[in-house]
Amino acid sequence: MSSGFEKVAALRGMNDVLPGVSAQWEALEAIVRDWLRSYGYRNMRTPVVELTRLFTRGIGEVTDIVEKEMYTFVDNEKESLALRPEMTAGMVRAAIEHSMLYDRPHRVYAMGPVFRHERPQRGRYRQFHQIDVEALGFAGPDVDAELIVMLARLWRILGLTDMRLELNSLGQPDERAAHREALVAHLEAHRDVLDEDGQRRMYSNPLRVLDTKNPAMQAMADSAPRLFDFLGEASRAHFDGLCARLDDAGIAYRLNPRLVRGLDYYNLTVFEWVTDRIGAQGTVCGGGRYDGLIQMLGGKASPAVGFGIGIERLLDLWQQAAPTEAPPECDVYIVHQGEAAQRLAATVAESLRDEGLSAIVHAGASSFKAQFKRADASGAANAVILGADEVAAGVASIKPLRNGPDNATQTQVPLAQLAQVLKSVN
């Protein structure tokens, strides 16, 4: 019989992560935190909602993210706000607001949800999650290389083998200006093959036209003037310094002159780690240098470099490489019969937790058969049984659920020794 209420479902592209899968997220996040700590990166957390102009100024008004994908709204104070579509702008805003770079540079990271209104597909959702890593206040190619080398270490830790590194340099503003002039001329000469986006961006953001996925435009994009050929001596030296350090680390890479990334704030180094193992959306990690962003957002001019990793994509790859089962709900499941045993079970469970064991006490009154069925479903290694006889004798019975043979016999132990015995068999 219908309740009369309409069922409410999650929004398209915004997914629930249920307990079994969430445990895999927690395991991955723990690995990531240890990895970042080993390089001296510290956690910071910024708001999910920011002023819209933070992103239009930082990311660029004629990027796909700002034009098509941001979730924006006007609040009661008539301010235009946005759900963050990426994390770097917010991290930089926080660094400026709290004068973090006044006395020294910082290595920082954040993990959390970001939002983009785009067509959901494997590895791409409207609410997705990022690991965002930023080296604020560092100028040299040595730190660019450090970020890439540390990512190579993460892939090894996770057992990911099919990861390819693509590199490019976007140079400096004057070099991009000279390239832009040549690129616009090239686009004007091929106006007949440009799609609607290409026509619209030909003058406002011509570099982004080269990032097209339209097959009809690939030949035009391949023959376009390369920004790399317009780089001056200092920009080339920075890129050469990066490559030399990657060679020192034994990391293979490919120069991709069409790699521009989707955000306007990048300069000099840009990079992506890509794979063929998660379908068409093969970029797992992307980043680069953004030396002008801190000043652009109102801070004192300072260099910076960073990257972002999509957690959903990374988790997908990790599970392909080393599938894991959901961990058990608890170490010990306590079944009981009678009110005295139920009350004792609560006390026993607390004593087990004091000793570092996780324990679930069966809720309510059920038959032993029903309780053992639930105990088995919990994944616990052992069940602890408390009935009238156990209560009277001050003991508990232990029944193995996983480690022993199917006909494993129950053993009785004094309550004072219960935790010690369970820790030895769990």
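The values are calculated or read from the model by the stated rules, or taken from the named source; none is laboratory data. Not measured: the values here are computed from a predicted model. Here the Cβ is made from the backbone with ideal geometry for all residues, glycine too, and neighbour counts use every protein chain on show.
Yes or no, residue by residue, for (1) within 19 Å of Asp144 (Cα to Cα); (2) under 27 Å from the mean Cα position of the chain (by Cα); (3) of a type in the set (Asp, Glu):
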{"residue": "Trp273", "(1), (2), (3)": "yes, yes, no"}
{"residue": "Arg289", "(1), (2), (3)": "yes, yes, no"}
{"residue": "Gly292", "(1), (2), (3)": "yes, yes, no"}
{"residue": "Lys300", "(1), (2), (3)": "no, no, no"}
{"residue": "Leu314", "(1), (2), (3)": "no, yes, no"}
{"residue": "Ala326", "(1), (2), (3)": "no, yes, no"}
{"residue": "Ile334", "(1), (2), (3)": "no, no, no"}
{"residue": "Ala345", "(1), (2), (3)": "no, no, no"}
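Which condition from (1) loosely packed, with under 15 Cβ neighbours inside 10 Å; (2) touching a Phe, Trp or Tyr at 6+ places or on another chain (Cβ under 6 Å); (3) charged (D, E, K, R) is the one that Arg107 breaks?
Tallying (1) loosely packed, with under 15 Cβ neighbours inside 10 Å; (2) touching a Phe, Trp or Tyr at 6+ places or on another chain (Cβ under 6 Å); (3) charged (D, E, K, R), Arg107 fails exactly one: (1).
Just one of the numbered conditions (1) touching a helix residue (DSSP H, G or I) at 6+ places or on another chain (Cβ under 9 Å); (2) modelled with pLDDT of 90 or more; (3) over 23 Å from Gly58 (Cβ atoms); (4) in a helix (DSSP H, G or I) is not true of Ser235; which one?
The failed condition is (3).
Restricting to region 162-199, name every residue that is in contact (Cβ under 8 Å) with a residue 24 or more places away in the chain, polar (S, T, N, Q) and outside any strand (DSSP E or B).
The one that is in contact (Cβ under 8 Å) with a residue 24 or more places away in the chain, polar (S, T, N, Q) and outside any strand (DSSP E or B): Gln172.
Can you pull out the strands (runs of 3 or more DSSP E) entirely within region 47-156 that have at least 3 residues that are touching a strand residue (DSSP E or B) at 6+ places or on another chain (Cβ under 9 Å) and either free of Cβ contacts under 8 Å to residues at least 40 places away in the same chain or among the charged types (D, E, K, R) (or both)?
Because the criterion is at least 3 residues that are touching a strand residue (DSSP E or B) at 6+ places or on another chain (Cβ under 9 Å) and either free of Cβ contacts under 8 Å to residues at least 40 places away in the same chain or among the charged types (D, E, K, R) (or both), the strands (runs of 3 or more DSSP E) in region 47-156 that meet it are 49-51, 72-74, 80-83.
Just give me the residues in region 294-312 being surrounded by 15 or more Cβ atoms within 10 Å (Cβ to Cβ), more than 16 Å from Ala152 (Cα to Cα) and in contact with a Ser or Thr (Cβ under 8 Å, 6 or more places away or on another chain), in sequence order.
If the condition is that a residue be surrounded by 15 or more Cβ atoms within 10 Å (Cβ to Cβ), more than 16 Å from Ala152 (Cα to Cα) and in contact with a Ser or Thr (Cβ under 8 Å, 6 or more places away or on another chain), then Ile294, Val305 are the ones that fit.
When you go through (1) outside the structural domain of Gly58 (by TED's automatic domain parsing); (2) under 26 Å from Pro85 (Cβ atoms) one by one for Pro327, which number turns out not to apply?
Every listed condition holds for Pro327 apart from (2).
Hey, can you tell me all the residues within region 209-224 that are of a type in the set (A, V, I, L, M, F, W, C) and either part of a loop (DSSP other than H, G, I, E, B) or buried (at least 16 other Cβ atoms within 10 Å of the Cβ) (or both)?
Val209, Leu210, Met217, Met220, Ala221, Ala224
Among the residues of region 334-344, is there at least one that is of a type in the set (A, V, I, L, M, F, W, C), assigned to a loop (DSSP other than H, G, I, E, B) and within 19 Å of Lys399 (Cβ to Cβ)? Walk me through how you get there before you give the answer.
To start, the set of residues in region 334-344 that are of a type in the set (A, V, I, L, M, F, W, C) comprises 334-335, 340-341, 344.
If we keep only those that are assigned to a loop (DSSP other than H, G, I, E, B) too, we end up with none.
Taking every residue of region 334-344 in turn, none turns out to be of a type in the set (A, V, I, L, M, F, W, C), assigned to a loop (DSSP other than H, G, I, E, B) and within 19 Å of Lys399 (Cβ to Cβ).
Could you look through region 332-342, keep only residues that are farther than 12 Å from Phe368 by Cα, in contact with a helix residue (DSSP H, G or I) (Cβ under 9 Å, 6 or more places away or on another chain) and without any contact (Cβ under 8 Å) to a residue 60 or more places away in the chain, and pick out the one that is surrounded by the most Cβ atoms within 10 Å (Cβ to Cβ)?
Ala341
(1) crowded, with 17+ Cβ neighbours inside 10 Å; (2) touching a residue at least 60 places away in the same chain (Cβ under 8 Å); (3) under 25 Å from Ala27 (Cβ atoms): which one isn't true of Val348, the others all being true?
That leaves (3) as the condition not met.
Can you name every residue in region 132-158 that is β-branched (Val, Ile, Thr) and touching a Phe, Trp or Tyr at 6+ places or on another chain (Cβ under 7 Å)?
Within region 132-158, Val133, Ile148, Ile157 meet the criteria.
Looking only at residues that are touching a helix residue (DSSP H, G or I) at 6+ places or on another chain (Cβ under 8 Å) and hydroxyl-bearing (Ser, Thr, Tyr) in region 1-58, which one is surrounded by the most Cβ atoms within 10 Å (Cβ to Cβ)?
Filtering region 1-58 for residues that are touching a helix residue (DSSP H, G or I) at 6+ places or on another chain (Cβ under 8 Å) and hydroxyl-bearing (Ser, Thr, Tyr), the one surrounded by the most Cβ atoms within 10 Å (Cβ to Cβ) comes out as Thr56.
I'd like to verify a number: residues in region 274-307 that are in a strand (DSSP E or B), of a type outside the set (Val, Ile, Thr) and under 18 Å from Phe128 (Cα atoms), how many?
Count: 4.
Listed residues Glu329, Glu325; which is under 30 Å from Gly112 (Cα atoms), out of contact with any Asp or Glu (no Cβ under 6 Å at 6 or more places or on another chain), surrounded by 14 or more Cβ atoms within 10 Å (Cβ to Cβ) and of a type in the set (D, E, K, R)?
Glu329 is the lone residue from the list that is under 30 Å from Gly112 (Cα atoms), out of contact with any Asp or Glu (no Cβ under 6 Å at 6 or more places or on another chain), surrounded by 14 or more Cβ atoms within 10 Å (Cβ to Cβ) and of a type in the set (D, E, K, R).
Based on what the data block shows, is Tyr266 in contact with a Ser or Thr (Cβ under 8 Å, 6 or more places away or on another chain) and within 30 Å of Glu175 (Cα to Cα)? Spell out the reasoning first.
On the way: in contact with a Ser or Thr (Cβ under 8 Å, 6 or more places away or on another chain): no; within 30 Å of Glu175 (Cα to Cα): yes.
No: the conditions fail for Tyr266.
From the list Glu118, Glu86, pick out the single residue that is acidic (Asp, Glu), buried (at least 17 other Cβ atoms within 10 Å of the Cβ) and either under 23 Å from Glu312 (Cα atoms) or in contact with a Pro (Cβ under 7 Å, 6 or more places away or on another chain) (or both).
Values: Glu118 fails: buried (at least 17 other Cβ atoms within 10 Å of the Cβ).
Exactly one residue qualifies, and that residue is Glu86.
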